[in-house]
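Quick notes on the structure that follows.
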Amino acid sequence: MFVKTASVYGRSRQQFGHAADYSVIIPGMSTPAPAERAARLRQEIQQHSHRYHVLSAPVISDAEYDALYKELQALEAQYPELVTPDSLTQRVGGAASEKFEKVRHPAPILSLSNAFSTDEVRAWFERVARLDDRVRGAGFVVEPKIDGLTVVLHYENGAFVRGATRGDGEVGEEVTPNLRTVRSLPLRIPVTGKRKPPKRWVVRGEAVIFTKDFEAMNARLAEAGERTFVNPRNTASGALRQLDPKLTAARPISLLCYAVVDAEGLALDTQWATLETLREFGFPVTSAARRFADLEAAIAYCESWNDKRDSLDYEIDGMVIKIDDLRLAADLGFVGKDPRGAIAFKFPAREVTTALNDIGVNVGRTGVLTPFAILEPVEVGGVTVRQATLHNFDYIAEKDIRIGDRVLLKRAGDVIPYVIGPVLEARTGDERPYKPPQKCPTCGEAVEQPEGEVAYYCINAACPDQLIRNIEHFVGRGTMDVEGFGSKIAEQVVKAGLVKDAADIFSLTDKKLLTLEGFAGKKAENLLASIEAARSRPLARLVAALGIHGVGEVLAADLAAQLGSMDALQHASDEDLVAIEGVGPNTAATIADWFARPGNKRLLNKLKKAGVWPTVEVRPGAAAGGPFAGQTFVITGTLPDFSREQARAFIEERGGKVTDSVSKKTDYLVVGEAAGSKLTKAQALGVKIIDEAALRELGNID
Ligand code: IVH
């Protein structure tokens, strides 16, 4: 029997800073052999990964997933002979290559003929129906035409063995190690019990970067003063063609599959059955595919997506109408390289030209200056665009973008529109070349470009724009989470001089807030109540809220867990910091530097005075002090060394609570010999299960 060891393997192992094996060995239960355990873990991890990356419906928390993953990693480190190429731990296992090998595709990757109007679609249908009358009764499948990068994935006996890019359509480049890093690509086709995957299985799909992942990645890069990416498609393309798979792994590439090229022995008679089988075998498939008996309904469906294309999380350039019966489609043959059995209904490109009236500059939280285009308003795909990103100052220089230029503008997916470049033919000679500002456009202080970075920074910590961004970050969702404190309020309180640093939000009063526009009635009272609630946020959130370069939510949680207090963090040396998992020498130096700055010292003093100074990870409302503060335990079975009363005292002395029955609110079930129904219930609820030894470790105050 397998007992979930969840967080015991994850966070808490890091928290207590040693790599001891916490496997739960329950007296009376046999431990599975390593090979058996590894196989079991691999299967579980694969299922959870599929639920997370393909179905977007996880059933366990990220921490629990990490715990399983780490257990497998540890097991494989201990027994290297257990490592299999389809283990999820091997996603980034490949070595960098010198160059890509060429692979001949089992079937050439063809193009599709395009239709730019509904009449062209009807004309296509009449042409093929005249060739073969059966088409009239065959039905259609309509799918988005995904604007990504075609990839061909080969499986043998259910395992992913080879993957290639499109290349010239006949021969592609083998990028197997890179494709392995794509989280939604199944490394092994799961055996669901329904149908066995065939021995040979070749699938085609598009590699894409989802809009939300693209925007998040760019926001992170911009904040760190690094080069941002221009668009999702080129980013995915560049990432897949990296010689070092670690570089591919660093980009959030996803996959959407739509064709099976080889399914040895498995009959796939229709496109609809193909999509269903792909889903069954764990491949990500668009949710926007539909089947129609009638061409007019198929056309109407295509048209409906023209308006809603931004609601998809990936860029599409049209819809594809396919004859559902694949044999019939194949019988129809080709016109040149285009199969007759399908047609692409293309949407209008969302590129337009407009005048670049000026270039503005945004000041970010870290002082990064980001240029943006101020445009003559123009409509692109139903949206009026007034501004567009220019990425960074190098981009403006490389593209020779000048104020007064006519520029080509693109809106792709739902990402921020961007300027592709100037229309050189439209130059009159009156355009003005642009130089990066020497002074911060907000505060007028000097601007600096650190060596090795593309970004320019305003280095004035008191810069109002920086302060506004800082306050937004401090009160934001992932940090101090002050409800109702949005960007507008951040701007108001800074501009009115009420807030000069983040600590000042805790000295806001009714009287002060009522001087601001729009603060009549209960608004001030509500905001003050939210601020009050935020005072007791756990240490990890406060650490993240400080906005130290490179310290995001995950690292903040590690720092909080390992150092335990703001005082400890503030006085941690470079060596102390480097000893923490996830902290390299650069991050350690950045953190130490942040705490050494006089302005930040002042901020911390003010926070301390305001009582915003959590010492240990405390849940809101829980009693402070002790490693078990705010946590609820249930004990079941006979423990080896503790009596029930001793165990209870051990937990309570450390701030924890002991209750009699397991519920969703239980944090840990401590199990001993002859554990009964409480164990089953805890497993069902996903409660963390530990034995006496693990309890002692967790509660060790040293
Ligand atoms: S089916 C015989 N379905 O578009 C070709 N292709 O212009 C059948 N593409 O090379 C292709 N989304 O790379 C098909 N849902 C989709 C697609 C799709 C994007 C790409 C594919 C193909 C190109 C044709």
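Coordinate-derived values only; no laboratory data. A quick note: this is a predicted structure, and the numbers were derived from the prediction, not measured. Ideal geometry is used to build each Cβ from the backbone, glycine not excepted, and the neighbour counts take in all protein chains shown.
Distance between the C-alpha centers of the range 73-133 and the range 391-427? Whole Å please.
33 Å
For the chain, what does -39500 (n - 2.57) per DSSP helix run (n ≥ 4), summed and divided by total residues, give at 222 nm, in deg cm²/dmol to the nearest 500? Before the final figure, lay out each step's value.
Values: 26 runs with 239 residues, N = 702.
Taking each H run of at least 4 residues, the total per residue is -9500 deg cm²/dmol.
Among Leu255, Leu328, rank each residue by its count of other Cβ atoms within 10 Å, from fewest to most, as a rough exposure measure.
On the way: Leu255 27, Leu328 18.
Least crowded to most crowded, the residues run Leu328, Leu255.
Please give the Cα centre distance for the range 354-390 versus the range 632-652, rounded to the nearest Å.
Each part's Cα centre sits 62 Å from the other's.
Taking a cut-off of 20 Å between Cα atoms, list the aspartates and glutamates near Lys399, but don't count ones fewer than 8 places away on the same chain.
Result set, ordered by chain and number: Glu226, Glu351, Asp358, Glu376, Glu425, Asp430, Glu431, Glu453.
Checking the cross-link filter: which lysines have an alpha carbon closer than 20 Å to that of Lys337, excluding same-chain neighbours under 8 positions apart?
Lys145, Lys322, Lys346
When only C-alpha pairs under 8 Å and at least 6 residues apart count, what is the relative contact order of the chain, in percent? Please list the in-between numbers first.
Working: 1283 pairs, mean separation 77.8, N = 702.
It rounds to 11 percent for the chain.
Just to confirm my numbers, what's the Cα centroid distance between the range 181-204 and the range 144-171 in Å?
With the range 181-204 and the range 144-171 each reduced to a Cα centre, they are spaced 13 Å.
With an 8 Å Cα cut-off and a minimum separation of 6 or more residues, compute the relative contact order for the range 354-435 in percent.
Details: 164 pairs, mean separation 21.7, N = 82.
27 percent.
Under the Karplus relation 6.51 cos²θ - 1.76 cosθ + 1.60, θ = phi - 60°, what is the ordered set of whole-Hz ³J(HN,Hα) values for the range 173-182, x standing for Gly and Pro?
9, 7, 10, 3, x, 5, 5, 4, 6, 6
What pairs in Lys511/Lys606; Lys435/Lys601; Lys488/Lys601; Lys246/Lys664; Lys523/Lys609 have C-alpha atoms more than 29 Å from each other?
In this structure, Lys435/Lys601; Lys246/Lys664 lie more than 29 Å apart at Cα.
Using a Cα-Cα cut-off of under 21 Å, which lysines could be cross-linked to Lys657, ignoring same-chain neighbours fewer than 8 residues away?
Straight-line reach from Lys657, under 21 Å: Lys665, Lys678, Lys681, Lys688.
So what is the relative contact order for the range 107-227, in percent, with contacts set as C-alpha pairs under 8 Å and at least six apart? Present the calculation step by step, with values, prior to reporting the outcome.
On the way: 112 pairs, mean separation 30.4, N = 121.
Dividing the mean separation by the residue count of the range 107-227 yields 25 percent.
Fewest to most neighbouring Cβ within 10 Å: what's the order for His105, His549?
Numbers: His105 20, His549 16.
Listed from fewest to most nearby Cβ atoms, that is His549, His105.
Percent antiparallel among DSSP beta bridges with both residues in the chain, to the nearest 5?
Working: 74 of 88 bridges.
Within the chain, antiparallel bridges account for around 85 percent of the total.
Quick one: order Tyr301, Tyr418 by neighbouring beta-carbon count within 10 Å, fewest to most. Don't jump to the answer; show the numbers that get you there.
Values: Tyr301 18, Tyr418 21.
Ranked by crowding around the Cβ, least crowded first: Tyr301, Tyr418.
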